[in-house]
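No value in this document is a laboratory result; all are computed from the given coordinates. Just so it is clear, the structure is predicted and the values come from calculations on it, not from any experiment. When we count neighbours, we look across all protein chains shown, and the Cβ atoms used for this are built from the backbone with ideal geometry, even at glycine.
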């Protein structure tokens, strides 16, 4: 870029070469210095005959020069610019910016942010209580035979939550049992008590770990699927259509999904118990030189019926919590693609957090009751 003064009061700006974003763009400070250096400038013109390649960087520079000249009451002649630049400038200046249309950003005070967060938390809790109430009403109507939902949907969701989840449950459960046995063996081998690895794996998997890991798997797999399905239906206004026909979305959509997880989670947990014990047995037989029947007998002696029922009860509770969190986020989803993604993420996070909290409560209650 260069400057010249062909006539008195006229400043000619010559742009040449390549003007691209990846190259360094000249600053308007050079134009200001040139305007203030010589006699008073009344008009600014451009010469782009030697210009080779240009993109939006040139357009941005020209707009800055025009704004600079308008603030100094200097006329700008655009005839020397490329035809494309002239058309873009005409398009950009055809509709002037309305005063006050640009949103002003201001920093929210700290106390106001705390208040907004508290109000949002209170509203979300009220929304949760309202949704739980709707689910309880739907359950009461189902028990009385008045709930409106398709039984075929229930069996389809049960198949998706049950049989189709077996591969991932198998893999995770075997690995968890294997890791638990390996860690326990390292410590127990010091005291020559390798046989108690069977008790450690058996009680740990049956009482807690199988239910927790299965619940987390279902929260990430099935819970996300539920939230995405219901969120997409909300975006497509299918849920509004159900309400228009007088069909409760909670009965038609939420009830089958919650019942499916409630019934399938205990069965999946039983399967996870078996896979976890088999994973521990692999370590016991291969690394600790334990006999298969010896490992089996020790596991049978260590695991009691109370441990079994605690795990089954925990699994059923986790299934209900995952279904509630996923369906709540899906039905309360916004009407955009980003809202569906946020609902899916929130459903997984809420499901996992609720599982951990519920497991802590169940553990404390079982300790108090000596179960």
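Sorted fewest first by neighbouring Cβ atoms within 10 angstrom, 78, 207, 87 come out as 87, 78, 207.
Per residue of the chain, the DSSP helices (runs of n ≥ 4 H) give a summed -39500 (n - 2.57) that works out to -22500 deg cm²/dmol at 222 nm. For the pair residue 36 and residue 21, the difference between a 0.36 nm per residue extended length and the Cα-Cα distance amounts to 2.6 nm.
Which value in Å is the Kirkwood Rh of the stretch 255-355 over different Cα pairs?
On the way: mean 1/r = 0.0623 Å⁻¹.
Computed over Cα pairs of the stretch 255-355, the Kirkwood hydrodynamic radius comes out at 16.1 Å.
Using 0.36 nm per residue and subtracting the Cα-Cα separation, the extra length available between residue 170 and residue 353 on full extension is 63.6 nm. As a rough footprinting exposure proxy, the listed residues 309, 54 were ranked by other beta carbons within 10 Å of their own, and the order from fewest upward is 309, 54. Principal-axis analysis of the Cα atoms of the chain puts helix 110-143 at an angle of about 50° to the longest axis. Per-peptide packing, taken as the mean over residues of other Cβ atoms within 10 Å, places 354-360, 290-296 in the sequence 354-360, 290-296 from highest down.
As a rough footprinting exposure proxy, the listed residues 313, 46 were ranked by other beta carbons within 10 Å of their own, and the order from fewest upward is 313, 46. Relative to its residue count, the stretch 324-371 spans a Cα convex hull of 53 Å³ per residue. What is the helix-to-structure angle for 224-235, meaning the angle in degrees between its Cα long axis and the longest Cα principal axis of the chain, kept from 0 to 90 and rounded to the nearest 10? The two axes meet at around 50 degrees.
Counting every alpha-carbon pair across the stretch 8-62, the share separated by more than 18 Å comes to 36%. Of all beta bridges that DSSP places with both ends in the chain, some 25 percent have antiparallel geometry. Once the Cα atoms are used to define both axes, helix 255-286 deviates from the longest principal axis of the chain by about 70 degrees. Shown here is the pair-distance distribution of the chain: with all Cα-Cα distances grouped in 20 Å bins from zero up to the longest one, the shares run 21, 30, 21, 20, 7, 0 percent. Take the Cβ atoms of residue 360 and residue 282, set R0 to 35 Å, and the FRET efficiency comes out at 0.70. Shown here are the Rg and Dmax of the Cα trace of the stretch 2-94, at 12.7, 36 Å.
On the beta carbon distance between residue 111 and residue 306, with R0 = 51 Å, the FRET formula returns roughly 0.50.
Comparing 300, 22, 123 in a Gaussian network model of the chain, where Cα atoms under 10 Å apart are tied by springs, the biggest mean-square fluctuation is seen for 22.
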